[in-house]
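Structure record follows, encoded as structure tokens.
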Amino acid sequence: MTWTLYVLSRAPDWQERVRAEVLTIAGSGRVGPETIGKLPVTTRVLKESMRLYPPVPVITRVSAEDVDIGGKHLPKPTLIVIPIYAVHRHRLLWPEPDRFDPDRFLPESEAKYPRTQFMPFGYGPRVCIGSSFAILEATAILATLLQSVRFEWDGRHEPEPISRVTLRPKGGMPLIVKPL
């Protein structure tokens, strides 16, 4: 959520699009389960912010059998590090990968991506079991916040992503919050 608020503070046109969508669907009322599925712009914004700033920037796996990857032989058990942050910003996978563009997740565009091109919650049998809930929760929180406040960038602070278990901004995320 922190990174989503940051990218929206830097893209006020998208922040207004999300707000307009939320106000059209929910007005100033409660954002509940019946609302969340009707917020495609909000969902695209969340996905794009997770592409740029994945919650889990690196995952590891141990090969269960010998495998050849990219011309390299990896005997079992080899620790394999999958840099999600790098995959999500790879220039061969994403046009202008450092640009915030939620339209990358329009249904017709998203359907063309291989499953391993976008992995904010990991992949495979150990994918985060809470990923669906996390998206629902983030959508509800973002929609609720944008009903009543605007987030603005201070014009100075450039957050530095720090990889811990999750991706965090070094020194926090100072944003200006203005009531509407």
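The values are calculated or read from the model by the stated rules, or taken from the named source; none is laboratory data. Here the structure is a predicted model, which is why all the values come from computation and not from measurement. FYI the Cβ positions are ideal-geometry reconstructions off the backbone, even for glycines, and counts take in every protein chain you see.
Taking the stretch 17-57, which residues are over 24 Å from S131 (Cβ atoms) and either of a type in the set (S, T, Y) or out of contact with any helix residue (DSSP H, G or I) (no Cβ under 9 Å at 6 or more places or on another chain) (or both)?
T24, S28, listed by residue number.
Restricting to the stretch 29-68, name every residue that is touching a Ser or Thr at 6+ places or on another chain (Cβ under 9 Å) and of a type in the set (A, V, I, L, M, F, W, C).
Correct list: V31, I36, L39, V45, L46, M50, V56, V58, V62, V67.
How many of the residues in the stretch 138-178 are part of a loop (DSSP other than H, G, I, E, B), hydrophobic (A, V, I, L, M, F, W, C) and surrounded by 12 or more Cβ atoms within 10 Å (Cβ to Cβ)?
Applying the first criterion (part of a loop (DSSP other than H, G, I, E, B)) to the stretch 138-178 yields 154-160, 164-166, 170-174.
Subsequent filtering for residues that are hydrophobic (A, V, I, L, M, F, W, C) retains 165, 173.
Applying the additional criterion that residues be surrounded by 12 or more Cβ atoms within 10 Å (Cβ to Cβ) yields 173.
Total satisfying the criteria: 1.
Are any residues in the stretch 136-167 out of contact with any Leu (no Cβ under 9 Å at 6 or more places or on another chain) and charged (D, E, K, R), and if so, which ones?
E137, R156, E158, E160, R164, listed by residue number.
Out of everything in the stretch 49-85 that is under 27 Å from the mean Cα position of the chain (by Cα) and either farther than 21 Å from R164 by Cα or loosely packed, with under 13 Cβ neighbours inside 10 Å (or both), what residue ends up being modelled with the highest pLDDT?
L79
Among the residues of the stretch 101-111, is any closer than 17 Å to V45 by Cβ, free of Cβ contacts under 8 Å to residues at least 60 places away in the same chain, assigned to a loop (DSSP other than H, G, I, E, B) and not aromatic (F, W, Y)?
Yes: one or more hits.
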